[in-house]
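Below is one structure, written out as structure tokens; comments come after it.
Bear in mind that the values in this text are calculations on the coordinates, not laboratory data. Here the structure is a predicted model, which is why all the values come from computation and not from measurement. Methodologically, a virtual Cβ is constructed for each residue, glycine included, from the backbone with ideal geometry; neighbour enumeration extends over all protein chains shown.
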Amino acid sequence: MRVTLKDIAAEAGVSLQTVSNVVNGNHARVSTATIDRVLSIVTARGYVPSASARTLAGSASRTIGLIVPAADISRLLLSPYDVDMLGGLEREFRSRGFDLLLRGIVDVAEVREVVQTWNLHGAVLLEFTESQVGALRAVGEAVLVSLDAYADNPAVRSVRIDDFDGGRQAAGHLLRAGHRSVAFAGLMGSTTGVVRERLAGFRAGLASEGVMLSDDAVLDAHASHEAGHALATSLAARWAESRLEPGARPTAIFATADILAIGLIQGFVAAGLRVPRDVSIIGFDNLAAGLYVTPQLTTIAQDFGAKASAVSSLLFTRPAEIGRSASPIVTGVQLIERASVAAPPGGRRGN
């Protein structure tokens, strides 16, 4: 049978409110002797507090929401990136004694409802578009933090990575390998600034060495394995039909997500091309899956732990202390060299 606060109070000979104060850390009006006696009984009886009861009954919730837009009322789709980000956030919040509530929503107006219904300390907004973040309003004292959104909304704090620098580093790596005919793959109709900034950084990195990225070399593809495989199949067929030599077609592709890059690799291999001997591929994110594809994926790594820590720093600082004009926290990225990038066919590495 579950031990309750009432059981603890009866054994300690104190009121239910006194036990509640001790268990919840409100010790201001409780004597040291009573605190010690209650905690001793709590330990001996194996009392475990009800998280939901504490959230609903108390003014100080110990729950953080992770809110993700759902495809519809019956489906919540998480990408490999989302799963890695979720893991980093859960570890960070658990280390602070907070629980994580994952919730999908169909309409952005549901954010307020979720925060108020669960009395959340705060909420992290994952995969929200700029327009969705821009439409949000403050919800009491709860702190709202968006991930990866390029939106200016004083009601929402923001954490993102240096996407521009990631694109620039990808360009530099391909240039050093000797590539001059390259392509960029990402969702061009994206409603977030992530793809836009990575493309801008990639163009800037190429331009610094006098290499221009034509519009034809910007390939529209959703960040999924299926989209990458389909794109690679289509490109391989087009190159074969046109009998294009390496100098007349891209010898390297920068994909805006590892899962897209992995699809490209496997699609090219299935079409009879060799990676990186015929075409080099570089991804973005540094997902664990990149280690299990052949060849292992060269990528631009983002630090999920650093992002989670940055989110935490904002969640546990009240809005009045942060300031309404607080700038986004931007974390760095790093090139991870593996085996999916080599010199172009018949070419040689640059300096």
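Structural remarks
- Virtual spin-label span in nm between Asp107 and Ser234, 7 Å along Cα→Cβ: 3.5 nm
- Selected from Val83, Phe164, Gln266, residue furthest toward positive end of dipole (the chain; charges at beta carbon): Val83
- Across every direction, the projection of the convex hull enclosing the Cα atoms of region 240-290 has a mean area of 3.6 nm².
- Helix content alone sets the calculated 222 nm mean residue ellipticity of the chain: runs of n ≥ 4 DSSP H residues at -39500 (n - 2.57) each, divided across all residues, give -12000 deg cm²/dmol.
- Electrostatic dipole magnitude of the chain [Cβ: Lys, Arg +1; Asp, Glu -1; Cα centre; debye, to 20]: 640 debye
- Contour excess over end-to-end distance, with Cα ends at Val218 and Ala200 and 0.36 nm allotted per residue: 5.3 nm
- Annotation: for a label point projected 7 angstrom from Cα along Cα→Cβ of Arg277, residues of region 325-344 with backbone N closer than 15 Å are 340-344.
- For region 163-302, the Cα-based Rg and Dmax, in that order, read 13.5, 38 Å.
- For region 279-290, putting each phi into the Karplus relation 6.51 cos²θ - 1.76 cosθ + 1.60 with θ = phi - 60° gives couplings of 8, 8, 10, 10, x, 8, 2, 6, 6, 4, 4, x Hz, in residue order, rounded to whole numbers and with x for Gly and Pro.
- Nonlocal amide H pairs with Ser224, under 5 Å, H built at 1.01 Å: Leu260
- Per-q log10 I(q)/I(0), region 5-49, q = 0.16, 0.23, 0.24, 0.30 Å⁻¹ (Debye; single scatterer per alpha-carbon; no solvent): -0.32, -0.68, -0.74, -1.20
- Max mean-square fluctuation residue, GNM over the chain, Cα-Cα springs under 10 Å, options Gly46, Gly122, Gly186: Gly46
- The H on the amide N of Leu144, modeled in the peptide plane, is under 5 Å from the matching H of Ala123, Arg157, each at least 5 residues off or on a different chain.
- Across the alpha-carbon set of the chain, the Rg to Rh ratio works out to 1.12, Rh being the Kirkwood radius.
- Near Ala252, the amide H atoms lying under 5 Å from its own belong to Ala183, Ser280; only residues 5 or more places off or on other chains count, and H is placed 1.01 Å from N.
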